Each structure stands twice: as C-alpha cells, then as structure tokens.
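Notes follow the structure.
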Amino acid sequence: MNRVFIIGVGLTKFGKHEQLSTRDLFFHASKKAIADAKIDINEIDGIYFGNLSSDRFEHQAHTAAINASNISFRHLPSTRIEDACASGGVAVAQAYLAIKSGLHDTVLVAGAEKMTNLSTPEVTDVLGTCADDIYELPHGITFPGLYALMARAHMHKYGTTREQMSMVAVKNHFNALKNPYAQFHKEITLEKAMNSIIVSDPLNLYDCSPITDGGAAIILTSEEKIKNLDVSPVEIVGVGQASDSISLANRKSLTSIEANKIAAKRAYNMAQITPKNIDIAEVHDCFTIAEIINIEDLGFFEEGKGGKAVEEGTTAIDGDLPINTDGGLKAKGHPIGATGVAQIIELVHQIRGTAENRQLNGIKYGLAQNMGGSGATSVVNILKEVD
Ligand code: COA
C-alpha cells in the first residue's frame, strides 16, 4: 500500500479580510502550498476542499469546481467536503485515502471559510445549521449554549473550575503571540479572561473561538513521487474518524465525546502507537471546555483531569505535552473549513523544524483532532517525522 506524505503547506493570515472571498482565500493558501512543495501545478491530479457554508456566508455553492478552475484549467477532479467544523480534517483524511488507494498521486487539500461579512447573529444562525434541527435549534440553543451545558456537567462531575477554562484561553492567546498568522496578538491575564462578558453561562468571551476568515492548504503525495523531490516530507501514519448523534440529548455522556475516543483509537491503531508516543497535539478548542474534554478523550489525561493538566502547565508550550502551540482555534482563529487543515500545518512546521520562534525540540509524532458541531464528527490525523 502507498505511504502518504505531506510535502508543502500554505496559510493565509487568519482574521478579517474585507477584500477577500472564499475563492481568494483558497487561491492564496494553495499557491503558497504549491510553492512550498516545489512542484509544478500540473503535477496535482486531485483536489479536496473543506468548507462549511460558502452558500450561506457568500451565496455561492459549487465551490470545489470554482476553486479547481481558478487554480488550473486541466479539468481536475475536485470535491468539497462538508462535515461542519471538521470539514478540513476530513478533507485531509479523504485525500489520504485517495493516494493510499492509488487513485491519485499528488493531491491539493485546502480549507477556506469567509465569515466576517455577516453580522454575529447571522453567523450564529449559519453555524446553528450544524446543530440538530429537531432536538436542539427549536429550543433556541446555539453552540456557545451547547458547550456551556457540557462545561456545567464537567464542572459538576469532576470539579473542573472556571479558572481552569480561563487558563486554556490564557495559554492559547500566549501561544498566538508567536504566530504571525493568528487572528489575535494580545496577551491576556487570567483576571481578564475570568472577568470578560458572559456569552452563555459559564462561558464568557474568552472561552469562545472567534469569527474568522482564512484559508489553509497542504500538498500530499505518494512515496514514489517524493523520491524525486527536494523537500522535507512528513508522513501521515494514522487516520481515524467517527460519528455520533448530533444532538447532545441522544449522547451517552455530556462530559466526554464518544466520537473522539473512537476516532483516536482508530488512528492510534493504524499508526501502531499509543497516546504516550505523541509529542505535540493540535486539538479543537472551539470553546475552552472543548480543549479540556478533548485532551481527556484522546487519552492524554484521565477523565476529569484535563483541567488540572492545564493548571499544572503540562499543556503549555514548554510543558510535557504542548497543546495548540499556534494559538488554537481560540486565538489563531476558527475559519471553519480551514481549521482542520491549519492544525496539520502547525504539526508539519513543528516536525520539520520550521515553526520559527515557537519551535519545539525533538518532535517525532504530532496529532491533530478536529471535530464538527458539539462532537458528532471527530477526525484524528497522526503525523510522523520521516526517519
Ligand atoms: N475571543 C476574544 N476576543 C474576541 C472574541 C473571542 N472569541 N470575539 C470577538 N472578540 C473581540 C473583538 O476583537 C473585539 O475587540 P475590540 O473591541 O478590541 O476590537 C470585541 O471582542 C468585540 O468583537 P465583536 O466581533 O463585536 O464580538 P461579538 O460579541 O459580535 O462576538 C462572540 C463574540 C464570542 C459571540 C463570537 O465571536 C462567536 O459567536 N464566537 C463563537 C463562534 C462559534 O460558535 N464557532 C463555532 C464553534 S462550534
């Protein structure tokens, strides 16, 4: 079976791009990834595109074909993947399969989302389409509300504190200071994070990821192809995905996400490693409580101990298991379709030694966990340094 390698990465800055549409964000990120891979555009034989809702955000669907024809006139097969906030990570997993199966040799995977052209209530409405339209939305609940329920349950069951959630925000804002592509470059104190305006009790402004425009792209290729290239490749060694009921009411638990655990198990099995092998992880911190739950579900910490791990500094950039060294969704920003691809880009930089002033030493294995909605889709991709 083919082995699959990442040979190029490209990002746009995350934030507000008044003049750029999803097409532009896709184009700029993809051009950078192609240049980084040092390949000719004609070597690409397939495109996978992660995007939640350009139809609702910009009144434009059918974007996979638009993007393909903007980047090349060769009638490339181009597929849009929509799996809520996991769209980017799932696009990476699908591209991996396409190369693994021998269907394609070299694939462009990109994610992009343009969100800031709508008002916050309008964005909230679009994002709401990722929650359950029978059991949840008719009751008026939105994503901050759903994660607030999970936060309350975690606090009640394990004693997780508001301070620990705010510490996730402080850590990720600190990490984003060193990431020129991040939306926010402002260090925040614990006091500021704790006392910001309530969005959905117990979550406040600094517990939430922001509304963001951005694009991210990577180039994947087969073992055969890398032999002739002058790049430092990073291998994808584990891919796992799982789904669950999209409504919280129909889940087994409010304090953990079953799809995360199953996706992670599948990815660890494929990579033939355990959580102990992971040196760095990018996890889906759409809300601070999500980071705490995710690091437990991925097997890094016992259930109920995630908040303590953050408090003790274990997940800090200089801790034993750095989490979200690029600032995470919280401070780097969360342009939905781009997020899962951008997570992979941070891991590639850390593994190949190009993470500049946030570079860590000795990174062999990196894990990216990207999830949709309140966790009904979870995808875990594991990357490894090439020996
Ligand atoms: N974290 C930190 N600061 C934030 C922020 C966030 N998440 N969102 C906005 N800000 C800042 C802005 O930069 C701005 O600062 P300034 O006054 O210094 O310029 C200020 O807060 C007000 O920004 P504004 O855009 O008016 O905020 P808002 O009240 O309209 O929106 C949220 C804030 C939290 C409601 C919005 O970001 C949101 O809905 N986030 C969640 C997105 C989401 O659900 N994603 C999917 C997850 S599943």
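The values are calculated or read from the model by the stated rules, or taken from the named source; none is laboratory data. Remember, predicted model here, so these are calculated numbers, not experimental data. Cβ coordinates were reconstructed from backbone atoms using ideal geometry, including for glycine residues, and neighbour counts include every protein chain displayed.
Anything in the range 76-89 that is more than 11 Å from Thr339 (Cβ to Cβ) and either within 16 Å of the ligand (Cβ to nearest atom) or not polar (S, T, N, Q) (or both)? List them, or say none. Those that are more than 11 Å from Thr339 (Cβ to Cβ) and either within 16 Å of the ligand (Cβ to nearest atom) or not polar (S, T, N, Q) (or both): Leu76, Pro77, Arg80, Ile81, Glu82, Asp83.
Looking across the range 166-221, just one residue is among the polar types (S, T, N, Q), part of a loop (DSSP other than H, G, I, E, B), more than 9 Å from the ligand (Cβ to nearest atom) and surrounded by 19 or more Cβ atoms within 10 Å (Cβ to Cβ), and that is Asn179.
Within the range 251-266, the presence of at least one residue that is farther than 29 Å from Asp133 by Cβ and surrounded by fewer than 19 Cβ atoms within 10 Å (Cβ to Cβ) is confirmed. Of the candidates Ala242, Ala259, Ala264, the single residue that is at pLDDT 95 or above, part of a helix (DSSP H, G or I), under 18 Å from the mean Cα position of the chain (by Cα) and more than 22 Å from Pro322 (Cα to Cα) is Ala259. Condition test on Leu190, is it in contact (Cβ under 8 Å) with a residue 60 or more places away in the chain, among the hydrophobic types (A, V, I, L, M, F, W, C) and out of contact with any Cys (no Cβ under 6 Å at 6 or more places or on another chain)? Spelling it out, it is not the case that Leu190 is in contact (Cβ under 8 Å) with a residue 60 or more places away in the chain, among the hydrophobic types (A, V, I, L, M, F, W, C) and out of contact with any Cys (no Cβ under 6 Å at 6 or more places or on another chain).
Kindly provide the set of residues from the range 120-145 that are assigned to a loop (DSSP other than H, G, I, E, B) and either within 11 Å of the ligand (Cβ to nearest atom) or under 18 Å from Leu205 (Cα atoms) (or both), ordered by number. Across the range 120-145, the qualifying residues are Cys130, Ala131, Ile141, Thr142.
For every residue, the table says whether it meets (1) in a loop (DSSP other than H, G, I, E, B); (2) touching a residue at least 24 places away in the same chain (Cβ under 8 Å); (3) among the hydroxyl-bearing types (Ser, Thr, Tyr).
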position: Glu296; (1), (2), (3): no, yes, no
position: Phe301; (1), (2), (3): yes, no, no
position: Ala316; (1), (2), (3): yes, yes, no
position: Gly319; (1), (2), (3): yes, no, no
position: Asp326; (1), (2), (3): yes, yes, no
position: Gln350; (1), (2), (3): no, yes, no
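Please tell me if Ala112 is under 12 Å from Ile218 (Cβ atoms) and not assigned by TED's automatic domain parsing to the domain that holds Ala290. So Ala112 fails the test. Can you spot a residue in the range 316-327 that is within 15 Å of the ligand (Cβ to nearest atom), out of contact with any Pro (no Cβ under 8 Å at 6 or more places or on another chain) and under 25 Å from Met194 (Cα atoms)? For the range 316-327, residues within 15 Å of the ligand (Cβ to nearest atom), out of contact with any Pro (no Cβ under 8 Å at 6 or more places or on another chain) and under 25 Å from Met194 (Cα atoms): present. Of all the numbered requirements in (1) over 21 Å from Gly8 (Cα atoms); (2) out of contact with any strand residue (DSSP E or B) (no Cβ under 7 Å at 6 or more places or on another chain); (3) small (Gly, Ala, Ser); (4) away from the ligand (no atom under 13 Å from the Cβ), Ala271 misses one, and that requirement is (2).
Residues of the range 108-119 that are under 15 Å from Ile336 (Cβ atoms), more than 12 Å from the ligand (Cβ to nearest atom) and either of a type in the set (Phe, Trp, Tyr) or in a strand (DSSP E or B) (or both): Ala110, Gly111, Ala112. Figure legend. Inter-residue proximity from the range 117-134: first residues closer than 16 Å to His334 by Cβ and modelled with pLDDT of 95 or more, second residues outside any loop (DSSP other than H, G, I, E, B) and within 11 Å of the ligand (Cβ to nearest atom), beta-carbon distance below 6 Å, spacing 6+ or different chains. Indicated pairs: Leu127/Phe143. Summed over the range 79-99, residues that are closer than 15 Å to Ile219 by Cβ and β-branched (Val, Ile, Thr) total 2. Per the conditions (1) outside the structural domain of Ile47 (by TED's automatic domain parsing); (2) in contact (Cβ under 8 Å) with a residue 60 or more places away in the chain, the sole criterion not satisfied by Ile219 is (1).
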